[in-house]
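Input: a single structure, listed below in structure tokens.
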Amino acid sequence: MRVRGCTYAATPVEAQLCQGEEVDPGRRRQFAGQAAVFLAQTVRRVQMLVRSGGLAASMSRYLIRRIEESPTIVLRPYTEIVALGG
């Protein structure tokens, strides 16, 4: 899988810079969920890479539901970044 950007911030500036791109919102779970929901409003696709089988252990149910209902957020369980290039 090729992702064009990985972000650890989700402000209006990042949303504008990433508009139309495919992004990974980062590793901190609750923040990553909030960032994914925020960025999903402006980017083409948000790839959420999850090392475990799901989000339930580290994220509120409300946030998980918002992620699941978003057509631009794709969850990739049992996925880990092993190399970056570019």
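Inside region 5-22, can you point out the residues that are at pLDDT 65 or above and open to solvent by less than 70 Å² (accessible area, probe 1.4 Å)? Outline the logic, then answer.
First, pick out the residues of region 5-22 that are at pLDDT 65 or above: 11-22.
Thr11, Glu14, Ala15, Cys18, Gly20, Glu21, Glu22, listed by residue number.
Residues of region 43-86 being over 17 Å from Gln30 (Cα atoms) and either surrounded by 17 or more Cβ atoms within 10 Å (Cβ to Cβ) or under 12 Å from the mean Cα position of the chain (by Cα) (or both), which ones?
Of the residues in region 43-86, the ones over 17 Å from Gln30 (Cα atoms) are 43-45, 71-72, 78-86.
If the condition is that a residue be over 17 Å from Gln30 (Cα atoms) and either surrounded by 17 or more Cβ atoms within 10 Å (Cβ to Cβ) or under 12 Å from the mean Cα position of the chain (by Cα) (or both), then Val43, Arg44, Arg45, Thr72 are the ones that fit.
Can you name the residue in region 57-79 that is small (Gly, Ala, Ser) and under 17 Å from Ala35 (Cα atoms) and, of all such residues, is modelled with the highest pLDDT?
Keep residues of region 57-79 that are small (Gly, Ala, Ser), which gives 57-58, 60, 70.
Filter once more, keeping what is under 17 Å from Ala35 (Cα atoms): 58, 60, 70.
Numbers: Ser58: 75, Ser60: 86, Ser70: 96.
By that ranking, first place goes to Ser70.
Note down all Cβ pairs under 8 Å where the first residue falls in region 37-52 and is free of Cβ contacts under 8 Å to residues at least 60 places away in the same chain and over 11 Å from Cys18 (Cβ atoms), the second is surrounded by fewer than 19 Cβ atoms within 10 Å (Cβ to Cβ) and among the acidic types (Asp, Glu), and they're at least six residues apart or on different chains.
Sorted first by the residue in region 37-52, then by its partner, the pairs are Gln47/Glu22; Leu49/Glu80; Arg51/Glu80.
Based on this model, can you work out whether Ser52 counts as part of a loop (DSSP other than H, G, I, E, B) and modelled with pLDDT of 85 or more?
Numbers: part of a loop (DSSP other than H, G, I, E, B): yes; modelled with pLDDT of 85 or more: yes.
The answer is yes for Ser52.
So which residues in region 55-77 are touching a residue at least 12 places away in the same chain (Cβ under 8 Å) and assigned to a helix (DSSP H, G or I), if there are any at all?
Within region 55-77, the first condition is being touching a residue at least 12 places away in the same chain (Cβ under 8 Å), and the residues that meet it are 55, 58-60, 63-64, 66-67, 70, 72-77.
Within region 55-77, Leu63, Ile64, Arg66, Ile67 qualify.
The values are calculated or read from the model by the stated rules, or taken from the named source; none is laboratory data. On a predicted model such as this, the values are computed, not experimentally measured, just so you know. Note: ideal-geometry Cβ built from the backbone for every residue, glycine included; neighbour counts use all protein chains shown. In case anyone asks, the SASA skips ligands and DNA or RNA and just uses the protein heavy atoms, side chains included. Shrake-Rupley method; radii C 1.70, N 1.55, O 1.52, S 1.80 Å.
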